[in-house]
Amino acid sequence: MKYIAIKNLTFSYGDNTIFSEATADINNDSKIGVVGLNGSGKTTLFHLIQRKLEPEIGSVSIAPGVTIGTLEQDLHLDEDLTIWEEGLKAFEHVIEIEKQIEEFQQLLHKAEDPKEQVRLINHISRLNEEFERLRGYEYQSRTKGILRGLGFDQDSFSLKVSSLSGGQKTRFALAKLLLSKPDLLLLDEPTNHLDIDSISWLEDFLKSYTGALLVISHDRYFLDKVVTGIIHISNQKLNEYNGNYTEYIKKRDKRYEIQAHHYKTQQAKILKIEKFIEKQHQWNRERNIIAAESRMKMLDKMERIDKPVTREKKIDIRLKTDVVSSNDVLWVEGLYKSYSKNHLFSDLSFEIKRGEKVFVTGPNGCGKTTLLKIIAEKIKPDKGESHIARTIKTAYFDQELEDLDPDNTIIDEVWGGNEKVTETQIRNMLAAFLFTGDDVNKVIGTLSGGEKTRVSIVKLLYTDADFLILDEPTNNLDIASREVLENALAEFEGAVLCVSHDRYFVQKLGTRFLHFGKEGITDFTGDYDTWQNRLAQTEEQNGSQKVEKSKGALDYQRRKELQSEYRKIKNALDKLEKEIEELEAQIDTIQTDMSDPDRSSDHEHLGRLQMLLDEQSGILEEKYEQWASKEEEHNSFLRENGEITP
């Protein structure tokens, strides 16, 4: 089924044309990533679909009944409610039906008129059917699952919405949107404010989402995992591609090459015909004029191939490194660091050689940024030492951006008297990071945090450093800017020590990984995918070893106790599942019986059925809650103790 049909769409902001005769379709099973340069029209496309904007020409048609959900800048959260109460508002319709069922059941118990009883029974039956169609028995367990998946544990459910930070509120609003389960999700940078675990959960959730998805994201790894198609907004068109982000890049480049070849061939043919016409006119004889007119008709009838849009300009820059006498760059020996009672790392030792691109990974708060600051000599360790080779020149980038002069213009700050580059080169590089035209003359002190980040990255790319220490360098960069940075670092011959949550960036550049995990710090040399596989295997082995070790240490009585505990949980879970199946079958039978036209006048019989339906429905709801609780208990037991053989 086609949810959205965009046909010959034209839209402008004043003289700035965003779309011109653009066409695309979104189907009921589409999972599409929307990409393009900043300002190309990604958010405008969302606003057109939401009817916040209207096309000047063409149409954006939405199939009747299709519901659309998106995150608004104004999150519309009730600050006085708890997370749980506000989360349940996504099911207001379901809860209202549940409330109506209870109210009509009370009326039925009081009703004495047989006709009124029949009317109430039929109405309750219709409400029950709608409640089941909406899977009303699941709304509480669904709310718990999505809140937990996005990083809200059970203890936080009772917190007031007003107590949440800005990032937490955005994350909570995303949870509410997912709970509402619209036919079409419009998501703009959904991975912002999420940690790696929550992003992984969201990827799995969206991959199995039964509706359609349109997502704007700079997280290319996320796009690779989730989407099955790409809309690339370029040259005022909606260019559609099948496949994930990586496949799109290949197809886009191939499409450009084919179109460029056809365009070049046709232009050569046109030029040849035009020269022929010109020559015939010069000779100016009757037969020459006839020949010229014939060729002119040929040109008029020729279907012209559009000149292919130049691919987004790739800035080619090679980071220069000073000549060093040794491959040794960094030595770290016996580092210890804690903040109050928060212990980060102890007895940490490693070396970095020239050419290595080392990424420090691990959960938030484990000490990644602290390690970089110690090496950059911004803070001191509690114990131990780090040494950078005497001949090595170091450049450090972090989110604090302390190295920028607030009184400089952007171009002066970046250029800084560097005679090795021209103004044109500087302007081209700044343009790649979204500073065009007069933007380069803005004063640093007037810039936003994101703009200052981009200026610092451009400065970094013109450094002569041999060793780059980078803390989240891709924050606030669009995809094109990230690719410029990636390409420069890929060619960099010096050493890199980096912290980044951009998995695509890490995957492309990483040659070595220092991972802060539960079992300590792991040092792995190799590519990202191999490291991820090794990490998963290690965690699985550690889990198995942990279980085996605990099993071996258990005495016979304790093992028997665990087996007994597990058997009770498993039996209770199996019993609940069987009871739920039986209750659902009984309710179906009752509702079928109530709908039998031959029994519609048997008011006494219908009354008994309604009472039985009320009773069974109430029991079923209780069983669902018991099942959700027991399922969580079962999973928690397995996480703590591993699989227990009865």
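Just so it is clear, none of the values below were taken in a lab; they were calculated from the coordinates. A quick note: this is a predicted structure, and the numbers were derived from the prediction, not measured. Here the Cβ positions follow ideal geometry from the backbone for every residue, glycine too, while neighbour counts run over all protein chains shown.
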Can you work out ³J(HN,Hα) from phi for every residue in the range 192-207, in order, using Karplus 6.51 cos²θ - 1.76 cosθ + 1.60 and θ = phi - 60°, giving whole Hz and x for Gly and Pro? 4, 6, 10, 7, 4, 4, 5, 5, 4, 4, 4, 4, 5, 4, 6, 4
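Taking only DSSP H segments of four or more residues, each worth -39500 (n - 2.57), what value at 222 nm results for the chain once the sum is divided by all its residues, to the nearest 500 deg cm²/dmol?
-16000 deg cm²/dmol
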Helix 603-641 sits off the longest principal axis of the Cα atoms of the chain, rounded to the nearest 10 on a 0 to 90 degree scale, by 50
Report, in degrees rounded to the nearest 10, the 0 to 90 angle that the Cα long axis of helix 479-491 makes with the longest principal axis of the chain. 60
Please enumerate, by chain and number, the lysines with C-alpha under 19 Å from the C-alpha of K144, excluding those fewer than 8 residues away in the same chain. K89, K160, K169, K176, K181, K623, K630
In whole Å, what is the distance between the alpha-carbon centres of the range 591-615 and the range 505-523? 65
Given the options S600, W627, I587, identify the residue whose Cα lies farthest towards the positive end of the charge dipole of the range 571-641 (+1 on Cβ of Lys, Arg; -1 on Cβ of Asp, Glu). W627
Can you list the residues, at least 5 places off or on another chain, whose amide H is less than 5 Å from the amide H of I18, using H built in the peptide plane? F11, S12, Y13
Can you return the aspartates and glutamates within cross-link range of K301? Criterion is Cα-Cα under 13 Å, with same-chain partners fewer than 8 residues away left out. E293
Before anything else, pin down the relative contact order of the chain: Cα pairs under 8 Å, at least 6 apart, normalised by residue count, whole percent. 13
For the range 411-534, what mean projected area does the convex hull of the alpha carbons give, in nm²? 8.8
3J(HN,Hα) from dihedral phi, the range 53-65, Karplus parametrisation 6.51/-1.76/1.60, rounded to Hz, x for glycine, proline: 10, 10, x, 6, 9, x, 8, 10, 9, 10, 4, x, x
Give the long-range amide H neighbours of K31: residues separated by 5 or more places, or on another chain, with amide H under 5 Å away, using H modelled in the peptide plane at 1.01 Å from N. L213, T228, G229
How large is ³J(HN,Hα) for each residue in the range 122-128, as worked out from phi by the Karplus curve 6.51 cos²θ - 1.76 cosθ + 1.60 (θ = phi - 60°), to whole Hz, x for Gly and Pro? 5, 5, 5, 4, 5, 5, 5
Kirkwood-Stokes translational diffusion coefficient of the range 328-526, alpha-carbon pairs, 25 °C, 0.890 mPa s, µm²/s: 138
The alpha-carbon center of the range 41-70 and that of the range 359-376 are separated, in whole Å, by 43
Farthest toward positive dipole pole in the chain [+1 Lys/Arg, -1 Asp/Glu at C-beta], among G36, A431, P190: A431
Within the under-12-Å Cβ sphere about M298, not counting M298, Lys/Arg +1 and Asp/Glu -1 give a net charge of +1
Can you give me the orientation-averaged projected area of the convex hull built on the Cα atoms of the range 165-244, in nm²? 5.8
What ranking do 8-18, 91-101 get when scored by the average of other Cβ atoms within 10 Å per residue, highest first? 91-101, 8-18
For K307, the aspartates and glutamates lying under 13 Å Cα to Cα, once residues fewer than eight places off in the same chain are dropped, come out as E257
So what's the net charge close to K378: Lys and Arg +1, Asp and Glu -1, counting the other residues with Cβ under 12 Å from its Cβ? -4
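For a quick check: sort Y566, Y209 by the number of other beta carbons within 10 angstrom, fewest at the front. Mind dumping the intermediate values first?
Numbers: Y566 18, Y209 15.
Neighbour counts put them in this order, fewest first: Y209, Y566.
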Between 0 and 90°, nearest 10: helix 92-110 axis offset from the chain longest Cα axis: 10
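Provide the packing ranking of 346-353, 483-490, i.e. peptides ordered by the mean count of other C-beta atoms within 10 Å per residue, highest first.
483-490, 346-353
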Over the range 571-641, the quotient of the Cα radius of gyration and 2.2 N^0.38 Å is 1.51
In whole Å, what are the Cα extents of the chain along the three principal axes, biggest one first? 103, 89, 46
Share of Cα-Cα pairs in the range 257-300 beyond 11 Å, whole percent, is 64
Neighbour-count ranking for W531, W201 (other C-beta within 10 angstrom, fewest to most) reads W201, W531
Compare the peptides 57-69, 211-223 by average per-residue count of other Cβ atoms within 10 angstrom and give them in order, highest first. 211-223, 57-69
What order do you get for I290, I580 when you list them from fewest to most C-beta neighbours inside 10 Å? I290, I580
